[in-house]
1. Before we move on, is Thr233 assigned to a helix (DSSP H, G or I), open to solvent by less than 10 Å² (accessible area, probe 1.4 Å), of a type in the set (S, T, N, Q) and in contact (Cβ under 8 Å) with a residue 12 or more places away in the chain?
2. Can you pull out every residue in segment 144-162 that is more than 12 Å from Leu81 (Cβ to Cβ) and part of a helix (DSSP H, G or I)?
3. For segment 146-169, does any single residue satisfy the condition of being open to solvent by 50 Å² or more (accessible area, probe 1.4 Å), within 30 Å of Arg281 (Cα to Cα) and either in contact (Cβ under 8 Å) with a residue 60 or more places away in the chain or of a type outside the set (Lys, Arg) (or both)?
4. Restricting attention to helices (runs of 4 or more DSSP H) lying wholly within segment 11-120, give those where 3 or more residues are farther than 22 Å from Leu172 by Cα.
5. Kindly establish whether Lys240 is outside any helix (DSSP H, G or I), closer than 19 Å to Leu161 by Cβ and in contact with a helix residue (DSSP H, G or I) (Cβ under 6 Å, 6 or more places away or on another chain).
6. Spot the failing condition for Gly135; the list is (1) part of a helix (DSSP H, G or I); (2) out of contact with any His (no Cβ under 8 Å at 6 or more places or on another chain), and only one is missed.
7. Output yes when any residue across segment 189-203 is of a type outside the set (A, V, I, L, M, F, W, C) and in a loop (DSSP other than H, G, I, E, B), and no when none is.
8. Can you say whether Trp246 is under 18 Å from the mean Cα position of the chain (by Cα) and not small (Gly, Ala, Ser), as far as the supplied structure shows?
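The values are calculated or read from the model by the stated rules, or taken from the named source; none is laboratory data. These numbers were taken from a predicted model, which means no experiment stands behind them. Positions of Cβ are generated from backbone atoms using ideal geometry, with glycine treated the same way; all protein chains shown enter the neighbour counts. Remember, those area values only see protein heavy atoms, side chains included, never the ligands or the DNA or RNA. Shrake-Rupley method; radii C 1.70, N 1.55, O 1.52, S 1.80 Å.
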Amino acid sequence: MTSVAPAATERPVPPVRTDWKLTPRTGMSVLRAEVRKGLLSQLAHPVGHIIMLVISTVLYLGMQYVMGQGTLRRELIPETLVAISGYWFLHYGSLVMVADLVEEKRGGTYSQSHMSPAPPWVFMLGRLVTASTLGLMVALVATLVPMFVTGVTIPLKAAALVPYALVVVNVLAFTFVLAAIAISSPMVGALHSLFTSLVILLNGSMMPLGLYPDWLAVVARFLPTTLGVEATTKVLFDGKSLGDIWSDGTLPWLLAYTFALVLFGGWLFSRNHRRAVRDGRLGQY
């Protein structure tokens, strides 16, 4: 006697939501998920981050021994520490951002994030928060450890927070520029190495900007962080106020440079993303 098995009941397919809208609440939800995903992915392999923490400290102290011809010139260390903090924030934050994007593009997973109704810049902002968090971690270690080793201190002044906040915006904007390039070209790593090498040589990390020849100081001011570091050190070590660095042109140039970099990063990302969608290259180079 044969029995007929009852037909399997099919689960109803949930309807696709088409009423999703970007609001502060939904945007923050997507942003939190992207940041959480990024941090879990990065912290799952901590060895590389630990190595970078060690390198960041040893490299700075080694540079200062070389510049001092075998001794530490303590009078130069406070100013150069301000610059090296900006450099490591830029270097490691942008490195994490670029490496993550290139890996996902080559693996074909970058395009999957665009299946969400959320606009692509929200996901990029989440990646930027993740990368800058790791960059900030390295920058703090690279600044605090040499302070303890050498016994020097950096004076704290509330007015210095304004130009240094613009250093942070500088770094985030430049990181976004590199990320926009990574969308269209896997050779962004070479550009990252070139620009960050120029920054550590010229932004005041090796010696204060005032010791550079005039023509080289002008060139250095076109690099990210240099104008912000110069404005911050003037407030911290030269006793100048915000009004002073405004009247001498340092702060206006810093604001203009930062604003231009933010606009350029946003325009470049929009352009490269639009081209990648048009040419079907979101998931590949």
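1. Judged against the criteria, Thr233 is not a match.
2. The initial filter retains those residues of segment 144-162 that are more than 12 Å from Leu81 (Cβ to Cβ), namely 151, 156-162.
Across segment 144-162, the qualifying residues are Ala158, Ala159, Ala160, Leu161, Val162.
3. Yes; the residues of segment 146-169 include at least one that is open to solvent by 50 Å² or more (accessible area, probe 1.4 Å), within 30 Å of Arg281 (Cα to Cα) and either in contact (Cβ under 8 Å) with a residue 60 or more places away in the chain or of a type outside the set (Lys, Arg) (or both).
4. Values: elements: 24-43, 46-67, 77-107.
Those helices (runs of 4 or more DSSP H) span 46-67, 77-107.
5. yes
6. Answer for Gly135: the failing condition is (2).
7. At the first step, the residues of segment 189-203 found to be of a type outside the set (A, V, I, L, M, F, W, C) are 189, 192-193, 196-197, 203.
Now drop any that are not in a loop (DSSP other than H, G, I, E, B), which leaves 203.
Yes, segment 189-203 contains at least one residue that is of a type outside the set (A, V, I, L, M, F, W, C) and in a loop (DSSP other than H, G, I, E, B).
8. On the way: under 18 Å from the mean Cα position of the chain (by Cα): no; not small (Gly, Ala, Ser): yes.
In short, no.
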